[in-house]
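A.B. asks: Pasting a structure here, questions to come.
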Amino acid sequence: MTAVLLYGAPAPGLVEVPAGAVQVSPLMPGSQDLAAIADGSVDAATVLAPGGTVERDYVLAQALRVLRPGGSLLAFAPKDKGGGRLRKALEGFGCAVSEDARRHHRFCRAARPAEPRDVDAAIAAGAPRRVPALGAWSQPGVFSWDRLDPGSARLIELLPALKGQGADLGCGVGLLAARVLASPEVTALACVDIDRRAVACAEHNLDDPRATIRWADVRQMDEVGLDFVVMNPPFHDGGTEDRDLGVAFIGAAARMLRKGGVCWLVANRHLPYEAPLAAAFAKAEVRADAGGYKIIEARK
């Protein structure tokens with residue numbers, strides 16, 4: 001029996017997690033899959049609850065499913081990112097909840113009831129599925145899970161036919177990659193994302209032998225010699241804007257490209273990527289600037 005599961009990033013100073021706790025967050029490459037753990041096989045679970053309602057309920061329901069009857073659940077979240085709704089969510093599953101607050105977070109403790117309510121429905125609502133609006137597989141919690149985000153749509157619209165070997169950094173469920181693979185001159189495409197759920201959906205969506213789909217942190221990759229990179233770099237970490245993420249993606253793209261290789265990226269207009277692009281590439285030009293997004297072509 002597993003002693004403790006940890007979902008979400010470690011939170012030093014907020015919660016005490018025993019040494020040896022098993023990480024099950026989809027944003028931690030190499031961690032276990034919460035959905036694959038057996039019913040009633042876990043003594044305790046600590047959950048940094050996601051902010052989205054459907055994703056949150058899915059994670060809480062999965063945690064209750066894997067806990068043994070009477071097993072302990074600690075769920076916490078920032079007050080302004082769903083913490084105020086945690087108690088009600090757990091009570092909806094039939095849990096008796098004790099709650100406290102500190103350091104701008106809400107903490108809810110509960111024991112798994114013998115028969116939790118509505119767990120199966122919450123798991124079904126948050127599970128991967130084919131989304132008609134996308135014509136592709138996706139899952140609540142994945143970036144822009146039920147619609148094509150406007151930045152990616154703009155890049156897909158303007159992207160020229162590429163050729164050779166390349167990478168889609170932060171590929172999501174694979175919509176931009178599908179556009180890249182429409183070019184017969186593309187010989188190989190590495191599709192990389194830090195979200196296991198996105199990677200699993202991309203595996204459904206990209207039925208092409210040229211595509212290799214990887215669950216990894218782009219910042220830790222060591223590929224070199226690529227002909228092209230495409231990307232819509234993230235700039236949020238845990239819901240908080242972090243411009244260094246986009247800068248790290250720009251640095252990673254430059255390291256991966258051969259001399260003369262090209263990077264196509266989309267970014268929100270307000271993001272100050274011009275200086276890191278100038279430092280990492282020989283040439284960078286804005287090819288379009290409309291609707292709050294800029295499309296940039298950078299050549300090494």
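A.B. asks: Any residue in region 208-217 that is at pLDDT below 95, buried (at least 18 other Cβ atoms within 10 Å of the Cβ), of a type in the set (Phe, Trp, Tyr) and in contact with a helix residue (DSSP H, G or I) (Cβ under 6 Å, 6 or more places away or on another chain)?
C.D. replies: For region 208-217, residues at pLDDT below 95, buried (at least 18 other Cβ atoms within 10 Å of the Cβ), of a type in the set (Phe, Trp, Tyr) and in contact with a helix residue (DSSP H, G or I) (Cβ under 6 Å, 6 or more places away or on another chain): absent.
A.B. asks: Here's another thing I want to ask about it. Out of the residues in region 162-203 that are over 20 Å from the mean Cα position of the chain (by Cα) and among the basic types (Lys, Arg), which is farthest from Gly292 (Cα to Cα)?
C.D. replies: Lys163
A.B. asks: Next question, about the same structure. Taking only region 93-112 into account, find how many residues are touching a Pro at 6+ places or on another chain (Cβ under 7 Å) and surrounded by 16 or more Cβ atoms within 10 Å (Cβ to Cβ).
C.D. replies: The qualifying residues number 5.
A.B. asks: Out of Ser98, Ser41, Ser72, Ser31, report the one residue that is within 22 Å of Gln139 (Cβ to Cβ), small (Gly, Ala, Ser) and in the same structural domain as Ala11 (by TED's automatic domain parsing).
C.D. replies: On the way: Ser98 fails: within 22 Å of Gln139 (Cβ to Cβ); Ser41 fails: within 22 Å of Gln139 (Cβ to Cβ); Ser72 fails: within 22 Å of Gln139 (Cβ to Cβ).
Of Ser98, Ser41, Ser72, Ser31, the one residue that is within 22 Å of Gln139 (Cβ to Cβ), small (Gly, Ala, Ser) and in the same structural domain as Ala11 (by TED's automatic domain parsing) is Ser31.
A.B. asks: Between residues in region 29-49 that are in contact (Cβ under 8 Å) with a residue 24 or more places away in the chain and residues that are acidic (Asp, Glu) and not in a helix (DSSP H, G or I), which pairs lie under 7 Å by C-beta distance while being six or more apart or on different chains?
C.D. replies: Pro29/Asp217
A.B. asks: Buried (at least 19 other Cβ atoms within 10 Å of the Cβ), in contact with a strand residue (DSSP E or B) (Cβ under 9 Å, 6 or more places away or on another chain) and without any contact (Cβ under 8 Å) to a residue 40 or more places away in the chain: which single residue out of Gly71, Gly126, Gly82 fits that description?
C.D. replies: Answer to the selection: Gly82.
A.B. asks: Taking the stated definitions as given, is Arg154 crowded, with 16+ Cβ neighbours inside 10 Å and in a helix (DSSP H, G or I)? It would help to see each step written out before you state the result.
C.D. replies: Values: crowded, with 16+ Cβ neighbours inside 10 Å: yes; in a helix (DSSP H, G or I): yes.
Yes, satisfied.
A.B. asks: Same structure again: Which residue pairs have Cβ atoms under 8 Å apart, sit 6 or more places apart or on different chains, and have a first residue in region 106-119 that is more than 8 Å from Ala75 (Cα to Cα) and a second that is among the polar types (S, T, N, Q)?
C.D. replies: Ala110/Ser72; Ala110/Ser98; Ala111/Ser72; Arg112/Ser72
A.B. asks: List pairs: first residue in region 248-272 and polar (S, T, N, Q), second residue not in a strand (DSSP E or B) anywhere in the structure, Cβ distance under 8 angstrom, at least six positions apart or on different chains.
C.D. replies: Asn268/Gly151; Asn268/Phe235; Asn268/Gly292
A.B. asks: Within the bounds of region 176-186, is there any residue that is assigned to a helix (DSSP H, G or I) and over 18 Å from Cys263 (Cβ atoms)?
C.D. replies: Yes, that holds for at least one residue.
A.B. asks: While we're looking at this one, here's another question. Those residues that are basic (Lys, Arg) and within 23 Å of Val42 (Cα to Cα), I need them from region 98-113; list them, please.
C.D. replies: Going residue by residue through region 98-113, those that are basic (Lys, Arg) are 102-103, 106, 109, 112.
Selection gives Arg109, Arg112.
A.B. asks: Only one residue in Leu90, Leu159 is buried (at least 18 other Cβ atoms within 10 Å of the Cβ) and closer than 30 Å to Ala288 by Cβ, so which one is that? Show your work before the answer.
C.D. replies: Details: Leu90 fails: closer than 30 Å to Ala288 by Cβ.
Sole residue among the options that is buried (at least 18 other Cβ atoms within 10 Å of the Cβ) and closer than 30 Å to Ala288 by Cβ: Leu159.
A.B. asks: Only one residue in Ala49, Ala36 is exposed (fewer than 14 other Cβ atoms within 10 Å of the Cβ) and assigned by TED's automatic domain parsing to the domain that holds Ala111. Which one?
C.D. replies: Exactly one of Ala49, Ala36 is exposed (fewer than 14 other Cβ atoms within 10 Å of the Cβ) and assigned by TED's automatic domain parsing to the domain that holds Ala111, namely Ala36.
A.B. asks: Of all residues in region 272-288 being of a type in the set (D, E, K, R) and surrounded by 12 or more Cβ atoms within 10 Å (Cβ to Cβ), which is nearest to Val230 (Cα to Cα)?
C.D. replies: Once the filter is applied, the top-ranked residue is Arg287.
A.B. asks: Being under 17 Å from Pro26 (Cα atoms) and acidic (Asp, Glu), is that true of even one residue in region 244-265? It would help to see each step written out before you state the result.
C.D. replies: First, the residues of region 244-265 that are under 17 Å from Pro26 (Cα atoms): none.
Checked region 244-265: no residue is under 17 Å from Pro26 (Cα atoms) and acidic (Asp, Glu).
A.B. asks: Going residue by residue through region 17-25, is there one that turns out to be crowded, with 24+ Cβ neighbours inside 10 Å and either in contact with a helix residue (DSSP H, G or I) (Cβ under 7 Å, 6 or more places away or on another chain) or basic (Lys, Arg) (or both)?
C.D. replies: Looking through region 17-25, at least one residue is crowded, with 24+ Cβ neighbours inside 10 Å and either in contact with a helix residue (DSSP H, G or I) (Cβ under 7 Å, 6 or more places away or on another chain) or basic (Lys, Arg) (or both).
A.B. asks: Is it true that Gly291 is surrounded by fewer than 20 Cβ atoms within 10 Å (Cβ to Cβ), touching a residue at least 40 places away in the same chain (Cβ under 8 Å) and not aliphatic (A, V, I, L, M)? Don't jump to the end; show me each part of the working.
C.D. replies: Numbers: surrounded by fewer than 20 Cβ atoms within 10 Å (Cβ to Cβ): yes; touching a residue at least 40 places away in the same chain (Cβ under 8 Å): yes; not aliphatic (A, V, I, L, M): yes.
Judged against the criteria, Gly291 is a match.
A.B. asks: Taking the condition of being assigned to a loop (DSSP other than H, G, I, E, B), among the acidic types (Asp, Glu) and not assigned by TED's automatic domain parsing to the domain that holds Leu169, how many residues in region 113-147 meet it? Lay out the reasoning, then the answer.
C.D. replies: The first filter runs over region 113-147 and keeps only residues assigned to a loop (DSSP other than H, G, I, E, B), leaving 113-118, 126-128, 132-135, 139, 141, 143-147.
Going one step further and asking which of them are among the acidic types (Asp, Glu), we end up with 115, 118, 146.
Adding the requirement that they be not assigned by TED's automatic domain parsing to the domain that holds Leu169 leaves 115, 118.
Within region 113-147, residues that are assigned to a loop (DSSP other than H, G, I, E, B), among the acidic types (Asp, Glu) and not assigned by TED's automatic domain parsing to the domain that holds Leu169 number 2.
The values are calculated or read from the model by the stated rules, or taken from the named source; none is laboratory data. Everything numeric here is computed off the predicted structure, so don't read it as measured data. Quick reminder, even Gly has a Cβ in these numbers, built from the backbone with ideal geometry, and neighbours come from all protein chains shown.
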